[in-house]
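Asks: The structure follows.
Computed from the coordinates by the stated procedures, all read-outs in this text should not be read as laboratory data. All of these numbers come straight from a predicted model, not from anything done at the bench. Glycine gets a Cβ as well: all are built from the backbone with ideal geometry, and neighbour counts include every protein chain shown.
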Amino acid sequence: MSTAPCRFCGAPLRVSFCDLGMSPLSNAFLKPEQLDRAEKFYPLHARVCERCLLVQLEQFEPPERIFSDDYAYFSSYSDLWLKHASDYVDQMIERFGFGSRHLAVEIASNDGYLLQYFAKRGVPVLGIEPAANCARAAEEKGVPTLVKFFGAGTAGELAAKGRKADLLLGNNVLAHVPDLNDFVRGMQLLLAPGGVITVEFPHLLTLIEQNQFDTIYHEHFSYFSFAVAEQLFARHGITLFDVEELSTHGGSLRIYGRHAADASRPVGSRVAALKEKERRAGLDRIEAYRAFEERVKRCKRHLLEFLVEAKEAGKQIVGYGAPAKGNTLLNYCGVRSDFIRFTVDRSPHKQGCFLPGTHIPVLHPDRIREARPDFLLILPWNLKEEIVEQTAYIRDWGGKFVVPIPDVTVFA
Ligand SMILES: [Zn+2]
């Protein structure tokens, strides 16, 4: 049993969802001089609350330490993600008519990858981002950014100054929030009357159905079904009036919220349809959660079988990407440079570093051409199409692609 209570409802956490053993923080990349030092490992054990069915991890480090100044994630390094952001901005302007008299506020605005498109279309913007280096990059794009963690405190200060959001968005931030209730209360405080909230997060239903256990990592405290998200927002006076299923991050939801009293936006039919889909998959009962772990163990065995067989046959395997999910996968499976010679990443912040725990070197993508690997293991499988396109040249020497999730798949 976990020592911490459920972060949403406070009940004791007694049911295991997925125990991935001990793992370092996934963004704790190592410099060469750190390789011979001790490394901190933490339990990576997701549990499900029997009362509210929120899947969650215990938090071992304060967010200040996890999302510090050298936080290595810069959104703008993925073309696909930029396209997603730009499409989103077009859709919101078209659907809700945002313009120069409105304010779009993004929580965890990163390097301004998204708000830059609102600014270009003349909609005033404000980013809220705790990582100072990301915020600096945003300011350079013309996106004013408040360097702060978001919660009821920050929201109250802005609202008191008359700064309320007509559009308040948070993409892939809800999972990273230690105090969920404070965060959503803050969203309610900052939302202007008649305003719209949109929040995107990976969908727990897809995580379970597609066996995406590697999206469980320490920075990711909570894993939501639509039904649980609806309860959470309702508790703080926000009604979810629409939802879309997206393909980002292997399967995400975009939920639309408004003040509970705002009758101008009726609850659309997609809400009931999605809740029904989750019920059919058993997400309203604890048994569906208990059954997950066995499938995760099977996936590990299959990946190891592939790697052992390839190495025994004298093949060379190289990784692509250094995402958090790669670290979960490699640490859980015990795969180090004995199997994967190196991995590559487009982010210059990661190049020259080593993956935490497994110490696999992270190099520039050009090194794939030099090494001519037999297999390229794609770690950010959610960006598979983009990566295959960029590295199609490995076919010139008979190289093949490998994707580990939902089960090991090799293709040319
Ligand atoms: Zn709970």
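Asks: Indicate the gyration tensor shape class of the stretch 315-412 (rounded, prolate or oblate), computed on the Cα atoms with a ≥ b ≥ c the square roots of the eigenvalues: a/c under 1.5 is rounded; otherwise a/b larger than b/c is prolate and the rest oblate.
Replies: Since a/c stays below 1.5, the shape of the stretch 315-412 is classed as rounded.
Asks: I want the antiparallel fraction of DSSP beta bridges within the chain, as a percent rounded to 5.
Replies: The antiparallel fraction comes to roughly 50 percent.
Asks: For the stretch 77-170, what is the Kirkwood estimate of the hydrodynamic radius, computed as the reciprocal of the mean inverse distance between distinct Cα atoms, to one decimal in Å?
Replies: About 13.3 Å for the stretch 77-170.
Asks: Also: Kindly point out, ordered by number, any Cys in the chain whose beta-carbon has no other cysteine beta-carbon under 4.7 Å away.
Replies: Here Cys18, Cys134, Cys299, Cys333, Cys353 come out as lacking a disulfide-compatible partner, given the Cβ-Cβ threshold of under 4.7 Å.
Asks: Something else now. Among Lys40/Lys325; Lys297/Lys350; Lys83/Lys350; Lys83/Lys300; Lys148/Lys350; Lys83/Lys120, which pairs are too far apart, with a Cα-Cα distance over 21 Å?
Replies: Lys297/Lys350; Lys83/Lys350; Lys83/Lys300; Lys148/Lys350
Asks: Follow-up. Give me the net charge for the shell around Ala108: Cβ to Cβ below 14 angstrom, other residues only, Lys and Arg +1, Asp and Glu -1.
Replies: -4
Asks: Could you compute the net charge surrounding Thr343? Neighbours are other residues with a C-beta less than 11 Å from the C-beta of Thr343; K and R count +1, D and E count -1.
Replies: +2
Asks: What number, rounded to the nearest 500 deg cm²/dmol, is the helix-based mean residue ellipticity at 222 nm of the chain, given -39500 (n - 2.57) per DSSP H run of at least four residues and division by all its residues?
Replies: -9500 deg cm²/dmol
Asks: What's the whole-number percent of alpha carbon pairs in the chain lying beyond 31 angstrom?
Replies: Roughly 39 percent, rounded to a whole number.
Asks: Let me ask you something else. Amide H neighbours of Ala165 under 5 Å, counting only residues 5+ apart in sequence or on other chains, H built in-plane at 1.01 Å?
Replies: Close amide H contacts, sequence-distant or interchain: Leu191, Ala192.
Asks: Exposure proxy check: Glu58, Glu129 ranked by fewest other beta carbons within 10 Å?
Replies: Listing Glu58, Glu129 from fewest to most nearby Cβ atoms yields Glu58, Glu129.
Asks: Excluding same-chain residues fewer than 8 positions from Lys315, which aspartates and glutamates have a Cα within less than 17 Å of its Cα?
Replies: Output for Lys315: Glu305, Asp338, Glu370, Asp374, Asp396.
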